[in-house]
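The values are calculated or read from the model by the stated rules, or taken from the named source; none is laboratory data. What you see is a predicted model; the values in this text were computed from it and never measured. Cβ sites come from the backbone with ideal geometry, for glycine too, and all protein chains shown count toward neighbours.
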Amino acid sequence: MKFRSELLVKKMNPGIAHVNQLLLIGSCFTENIGALLHENKFSVLENPNGILFNPISVCNALTMYIDNEQINTSDLFELNECWHSWRHHGRFSGLTDQESIQKINSSTQAAHTFLKHADFLFITLGSAWVYELTKSASGFKPSFVAANNHKAPADWFAKRLLSVDEVLAAMDNIIHRLHQFNNELKIIFTISPVRHLREGMIENNRSKAVLIQAVHHLVNKFEGMYYFPAYELVIDDLRDYRFYAEDLVHPNYHATKYVWEKFVDACISEEAKQDMVFLQEIALAYKHNPFNPNTSQHLSFRKKYVQLATDFARNHPHINLQEEIRYFETGERASTPTLLKAE
C-alpha cells in the first residue's frame with residue numbers, strides 16, 4: 001500500500017554550479033535554504049533587506065539594489081527608542097539614525113554589486129497579504145506597503161489581500177528591470193511552506209493561491225524562469241504535522257532537510273553534487289572537537305586534512321576553504337561554526 005504521494009520535481013537546466021553566484025530574497029524559508037547553500041560553499045548573498053514576505057516589498061528591495069539607492073534620515077522613522085525603515089527587517093534598525101543608515105546603505109551597495117554579476121536570483125514569496133501605512137503612521141506615504149511592522153500600533157496599518165493582477169504587475173516590471181540590469185540572470189521562484197496562520201487558515205490559503213497563480217504565469221511567460229515546489233513538497237508530499245515545529249507554522253529540521261535534498265537533486269549540477277560529498281567530509285572534520293587536541297593522532301588527522309583541503313582548493317579556486325585550511329594547520333578556529341537551525 002502507498003501511504004503518501006511523492007512529488008517528482010522537474011530538473012532545472014542548467015543546474016547551479018559552485019562557480020555561480022546566487023542572490024536569495026524573500027521569506028524566512030529563504031534563510032533555511034541559504035544556510036545550507038553557505039554550508040556547502042556556494043557563493044550566496046542572502047536577504048540584503050532582511051526577511052521579506054510579500055511580493056511588493058520584494059520588488060521594492062530589488063529596485064533598491066538595481067538603483068543602488070542610498071537612504072538618509074528622511075527615509076527612517078523613530079519608534080520605541082530605535083530608528084527603523086519601512087522597507088527593511090528589524091535587523092537593520094538602530095539606536096541612532098546614522099547606525100541604521102550605515103547598515104542599510106552598506107547592504108544595498110553590496111547587493112547592487114553582487115546582483116550585477118549574479119547568475120541566479122532565488123525569490124521565495126510568503127504571503128499576498130500586505131499592510132499599507134495609514135495616515136496615523138510615522139513616515140506615512142499613500143499606499144505604501146510595509147515590509148515589517150516593527151511592533152508599531154495596529155492603527156498605523158490597513159490590511160488587504162493583493163490580487164493576482166497586482167502581483168503580476170509588480171513582478172513583471174521588476175523582471176524587465178532585472179534583465180536590463182543583468183541579462184544573464186536566471187530566476188528561481190518558490191512559495192514558502194511557512195503557514196501564515198496569524199492571518200487565519202482560510203486567509204492563508206487564499207494568499208498562497210494568489211502567489212501560486214501569479215508565479216506560474218510568470219514562469220510560463222518568461223524564459224530563464226524556474227519554479228521549485230517547496231510549498232507542495234511540504235503541504236502535499238510530506239503532508240503531516242510531525243514535519244512542523246511546535247508552532248505548527250514553520251517546517252521543522254526534517255522537513256527542511258527533505259526539501260533541501262529535493263532541491264539538490266533538481267537544481268544543483270552533477271559536478272557540484274560530487275564536490276558537495278567531499279565538502280561535507282571537510283565540514284565534519286572542521287567541526288570535530290577532539291578530547292585531546294595535542295595527541296599525535298589528532299595532529300596526524302589535521303595534517304591529512306590540510307593536504308586534502310589544499311589540493312581541493314587548488315583545483316577549485318572558486319570555492320573558499322581558507323578558514324578550514326587555517327584550522328587544520330593551526331588547530332584554531334576563527335569562530336564557532338554555524339549549524340542549521342531547526343526552523
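Considering ASN13, ASN20, the condition of being free of Cβ contacts under 8 Å to residues at least 12 places away in the same chain, surrounded by fewer than 21 Cβ atoms within 10 Å (Cβ to Cβ) and among the polar types (S, T, N, Q) is satisfied by ASN13 alone.
Tell me the residue from ASP311, ASP275, ASP265, ASP247 that is at pLDDT below 95 and of a type outside the set (A, V, I, L, M), please. Give the derivation first.
Values: ASP311 fails: at pLDDT below 95; ASP275 fails: at pLDDT below 95; ASP265 fails: at pLDDT below 95.
The conditions single out ASP247.
Restricting segment 267-298 to residues that are within 22 Å of HIS318 (Cα to Cα) and aromatic (Phe, Trp, Tyr) leaves a set whose member that is surrounded by the most Cβ atoms within 10 Å (Cβ to Cβ) is TYR286. Taking first residues from segment 106-127 that are under 30 Å from ARG206 (Cα atoms) and partners that are modelled with pLDDT under 95 and charged (D, E, K, R), the Cβ contacts under 9 Å between residues at least 6 apart in sequence or on separate chains come to SER127/GLU199.
Does at least one position in segment 300-320 carry a residue that is in contact with a Lys or Arg (Cβ under 8 Å, 6 or more places away or on another chain), under 19 Å from ILE16 (Cβ atoms) and of a type outside the set (Ser, Thr, Tyr)?
So the first thing to find is which residues in segment 300-320 are in contact with a Lys or Arg (Cβ under 8 Å, 6 or more places away or on another chain), and the list is 319-320.
Next, only the ones that are under 19 Å from ILE16 (Cβ atoms) stay: 319-320.
Imposing the further condition that a residue be of a type outside the set (Ser, Thr, Tyr) reduces the set to 319-320.
Yes, segment 300-320 contains a residue that is in contact with a Lys or Arg (Cβ under 8 Å, 6 or more places away or on another chain), under 19 Å from ILE16 (Cβ atoms) and of a type outside the set (Ser, Thr, Tyr).
Looking across segment 233-256, the residues that are free of Cβ contacts under 8 Å to residues at least 60 places away in the same chain and part of a helix (DSSP H, G or I) come down to VAL234, ILE235, TYR241, ARG242, PHE243, HIS254. For segment 140-157, the set of residues classified as surrounded by 18 or more Cβ atoms within 10 Å (Cβ to Cβ) and more than 28 Å from ILE212 (Cα to Cα) consists of ALA152, TRP156, listed by residue number.
In the set (1) of a type in the set (Asp, Glu); (2) in contact (Cβ under 8 Å) with a residue 60 or more places away in the chain; (3) assigned to a loop (DSSP other than H, G, I, E, B), the condition left unmet by GLU332 is number (2). For segment 244-259, the set of residues classified as over 17 Å from HIS196 (Cβ atoms) and surrounded by 20 or more Cβ atoms within 10 Å (Cβ to Cβ) consists of THR256, VAL259, listed by residue number.
Failed condition for VAL264, given (1) of a type in the set (Val, Ile, Thr); (2) buried (at least 16 other Cβ atoms within 10 Å of the Cβ); (3) not assigned by TED's automatic domain parsing to the domain that holds LYS41, with all others met? If we test VAL264 against (1) of a type in the set (Val, Ile, Thr); (2) buried (at least 16 other Cβ atoms within 10 Å of the Cβ); (3) not assigned by TED's automatic domain parsing to the domain that holds LYS41, just (3) comes out false. Close contacts from segment 68-93, counting a first residue that is under 24 Å from ARG177 (Cα atoms) and a second that is modelled with pLDDT under 95 and in a loop (DSSP other than H, G, I, E, B), with Cβ to Cβ under 7 Å and a gap of 6+ residues or different chains, come to TRP86/GLY139.
Being buried (at least 17 other Cβ atoms within 10 Å of the Cβ), touching a Ser or Thr at 6+ places or on another chain (Cβ under 6 Å) and polar (S, T, N, Q): is that true of SER127 here? Answer is yes for this residue.
Residues considered: ARG302, ARG314. Of these, the only one that is surrounded by 12 or more Cβ atoms within 10 Å (Cβ to Cβ) and among the charged types (D, E, K, R) is ARG302. Just one of the numbered conditions (1) part of a helix (DSSP H, G or I); (2) among the basic types (Lys, Arg); (3) touching a helix residue (DSSP H, G or I) at 6+ places or on another chain (Cβ under 6 Å) is not true of ARG326: (3). Inspection of segment 324-338 identifies at least one residue that is surrounded by 12 or more Cβ atoms within 10 Å (Cβ to Cβ), under 21 Å from the mean Cα position of the chain (by Cα) and either outside the structural domain of PHE189 (by TED's automatic domain parsing) or more than 30 Å from LEU233 (Cβ to Cβ) (or both).
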